[in-house]
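S.K.: A single structure is presented below for examination.
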Amino acid sequence: MKRRLIGLTGGISTGKSTASKYLEAQYKLPILDADIYARNAVEIGSVALNAIASRYSANILLADGSLNRQELGSIVFADIYERQWLEKQIHPLVRDAFVQEIDKSPAESIVLVIPLLFEAAMTDLVTEIWVVYCNPSQQLARLRQRESLSLEAAQARISSQMSLEKKCDRASLILDNSSSQEFLYNQIDAAMLKPPLPRQLPHPESAN
């Protein structure tokens, strides 16, 4: 039987964590999270962190030598070229972590939470793609509340990702998180009972 590798993605603050936690709690599925792998990639002493400090000086580090994420965010969300440089350091490490964990896991179904699934050209790692969607005004409000961001800073973070519309166009399944959690959970239950058909995706080089 072919393994079911669910690529769970969406926009920032659209509800990916809510969906993944439900899949873990209700269906006991292993959750592999790109954000965790990205944090691991820049641990103290890592090659990636050393490269970041070399590029931006020691001011990018906190007193304990760890990464000042807020300072780095202010740089990369304001400059697409700096963001692309950073992604070249991190994305290959995240991909390698996913491959290793998939190979080690005996589970027949696994959830890969990858916010930049399309942008990082990782669609080949999954057998189906679930996009968690909410309307743009909700997304902006949720992000500002969660991160205590100004309007401009929140919009910059949203704009740094592929649009939700494009992601939805490439999805096997769209999960509408514009309403209640129960509404979202009901959609997940339906998808687990009847797997969505895979979509024909564009070549990774044309993902943007």
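S.K.: Checking T14 against (1) out of contact with any Cys (no Cβ under 7 Å at 6 or more places or on another chain); (2) surrounded by 12 or more Cβ atoms within 10 Å (Cβ to Cβ), which single condition isn't satisfied?
M.R.: It fails just one condition, (1).
S.K.: Assuming L143 fulfils every condition listed in (1) surrounded by fewer than 17 Cβ atoms within 10 Å (Cβ to Cβ); (2) hydrophobic (A, V, I, L, M, F, W, C); (3) under 23 Å from Y22 (Cα atoms) apart from one, which condition is it?
M.R.: Every condition holds for L143 apart from (1).
S.K.: Continuing with the same structure: Can you give me the number of residues within region 69-78 that are over 19 Å from the mean Cα position of the chain (by Cα) and either of a type in the set (V, I, T) or surrounded by 17 or more Cβ atoms within 10 Å (Cβ to Cβ) (or both)?
M.R.: Total satisfying the criteria: 1.
S.K.: Can you work out which of the residues in region 166-208 that are more than 16 Å from V132 (Cα to Cα) and not in a loop (DSSP other than H, G, I, E, B) is modelled with the highest pLDDT?
M.R.: Residue satisfying both the conditions and the ranking: L193.
S.K.: Separate question: With in contact with a strand residue (DSSP E or B) (Cβ under 8 Å, 6 or more places away or on another chain), among the β-branched types (V, I, T) and within 18 Å of V126 (Cβ to Cβ) as the only criterion, which of I31, I60 stands out? Steps first, answer last, please.
M.R.: Working: I60 fails: within 18 Å of V126 (Cβ to Cβ).
Answer to the selection: I31.
S.K.: Which residues, counting only those in region 164-178, are under 24 Å from E87 (Cβ atoms) and in contact (Cβ under 8 Å) with a residue 24 or more places away in the chain?
M.R.: At the first step, the residues of region 164-178 found to be under 24 Å from E87 (Cβ atoms) are 164-171.
L164, K166, K167, C168, R170, A171, listed by residue number.
S.K.: State yes or no: is A53 assigned to a loop (DSSP other than H, G, I, E, B) and without any contact (Cβ under 8 Å) to a residue 12 or more places away in the chain? Please lay out each step first, then the result.
M.R.: Details: assigned to a loop (DSSP other than H, G, I, E, B): no; without any contact (Cβ under 8 Å) to a residue 12 or more places away in the chain: yes.
No: the conditions fail for A53.
S.K.: A further question follows. Given the criterion surrounded by fewer than 19 Cβ atoms within 10 Å (Cβ to Cβ) and in contact with a Phe, Trp or Tyr (Cβ under 7 Å, 6 or more places away or on another chain), identify the matching residue among Y22, Y56, Y27, Y81.
M.R.: Details: Y56 fails: in contact with a Phe, Trp or Tyr (Cβ under 7 Å, 6 or more places away or on another chain); Y27 fails: in contact with a Phe, Trp or Tyr (Cβ under 7 Å, 6 or more places away or on another chain); Y81 fails: in contact with a Phe, Trp or Tyr (Cβ under 7 Å, 6 or more places away or on another chain).
Selected residue: Y22, the only one of Y22, Y56, Y27, Y81 that is surrounded by fewer than 19 Cβ atoms within 10 Å (Cβ to Cβ) and in contact with a Phe, Trp or Tyr (Cβ under 7 Å, 6 or more places away or on another chain).
S.K.: Restricting to region 1-48, give me the number of residues that are within 16 Å of P92 (Cα to Cα), touching a residue at least 24 places away in the same chain (Cβ under 8 Å) and in a helix (DSSP H, G or I). Please lay out each step first, then the result.
M.R.: First pass over region 1-48, keeping only residues within 16 Å of P92 (Cα to Cα): 32-43, 46-48.
Then drop every residue that is not touching a residue at least 24 places away in the same chain (Cβ under 8 Å), which leaves 32-35, 37-38, 40-42, 48.
Narrowing the set further to residues that are in a helix (DSSP H, G or I) leaves 34-35, 37-38, 40-41, 48.
Qualifying residue count, region 1-48: 7.
S.K.: Related question: Hey, among the residues in region 104-140 that are under 16 Å from I6 (Cβ atoms) and either basic (K, R) or more than 14 Å from the chain's Cα centre (by Cα) (or both), which one's surrounded by the most Cβ atoms within 10 Å (Cβ to Cβ)?
M.R.: Within region 104-140, the match that is surrounded by the most Cβ atoms within 10 Å (Cβ to Cβ) is I110.
The values are calculated or read from the model by the stated rules, or taken from the named source; none is laboratory data. Note that this is a predicted model, so its numbers are computed, not measured. Heads up, the Cβs are rebuilt from the backbone with ideal geometry, glycines too, and the neighbour counts pull from every protein chain shown.
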